[in-house]
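For reference, the structure discussed in these notes is given below.
The values are calculated or read from the model by the stated rules, or taken from the named source; none is laboratory data. Every value quoted in this text rests on a predicted model; they were computed, and no experiment measured them. Here the Cβ positions follow ideal geometry from the backbone for every residue, glycine too, while neighbour counts run over all protein chains shown. For accessibility, only protein heavy atoms count, side chains too; no ligands or nucleic acids. Shrake-Rupley method; radii C 1.70, N 1.55, O 1.52, S 1.80 Å.
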Amino acid sequence: QVQLVESGAGSVQAGGSLRLSCAASGRTFNNDDMGWFRQAPGKEREFVAGRRWSGYAYYADSVKGRFTVSRDNAKNTVTLQMKSLKPEDTAVYYCATGGRGSSWSPGGMDYWGKGTLVTVSS
């Protein structure tokens, strides 16, 4: 059974940093794309950052230069390092995996974690 478990939830002030981690289990994900999405209250779930199975990274424009996504295939983990956090980054952050060439849209991902809450205060 595939499971994705996020960790690293927290509350920080604007300008602070947080690191989210996601541990995947149930099978190997070396040939899958892995990434992060977020959903703020009253808003739709949106793509944040992801790493293709090939290692190529993608970022939403709103987080470019502030967030870094990395993955460790040996450990089946994907990590999101967040810096210079803003109040508008407040959301529940979800880890997700999809097949090669995922569209990085919520509907294009296969497996999801339950989410972890990030709160950024001004």
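A few points about this structure:
- Across the chain, Cα pairs under 8 Å and at least six residues apart give a relative contact order of 35 percent.
- What a 1.4 Å probe finds exposed on the chain is 47% carbon and sulfur by accessible area, rounded to a whole percent.
- Of the chymotrypsin sites (Phe, Trp or Tyr not before Pro) in segment 55-122, those whose Cβ has at most 14 other Cβ within 10 Å and which sit in DSSP loop: 56
- Filtered trypsin sites (Lys or Arg not before Pro), segment 1-53: DSSP coil and at most 14 other beta carbons within 10 Å: 27, 43
- Per-residue Karplus couplings for segment 29-43, computed as 6.51 cos²θ - 1.76 cosθ + 1.60 with θ equal to phi - 60°, are listed in order as 10, 4, 9, 10, 7, 10, x, 10, 10, 9, 9, 8, x, x, 10 Hz, Gly and Pro entered as x.
- Listed values for segment 101-114 are Karplus-derived 3J(HN,Hα) couplings in whole Hz (6.51 cos²θ - 1.76 cosθ + 1.60, θ = phi - 60°), namely x, 4, 7, 6, 10, x, x, x, 9, 9, 10, 9, x, 8, and x replaces Gly and Pro.
- Segment 1-46-segment 98-119 distance, computed between alpha-carbon centres (Å): 8
- Note, ³J(HN,Hα) from phi for segment 66-80, Karplus 6.51, -1.76, 1.60, rounded to Hz, x at Gly and Pro: 10, 10, 9, 9, 9, 9, 10, 5, 5, 9, 6, 10, 9, 10, 10
- Evaluated with a Cβ-only charge set (Lys, Arg +1; Asp, Glu -1), the chain carries a dipole of roughly 220 debye about its Cα centre, given to the nearest 20.
- Shape call, segment 16-122: gyration tensor on alpha carbons, a/c limit 1.5: prolate
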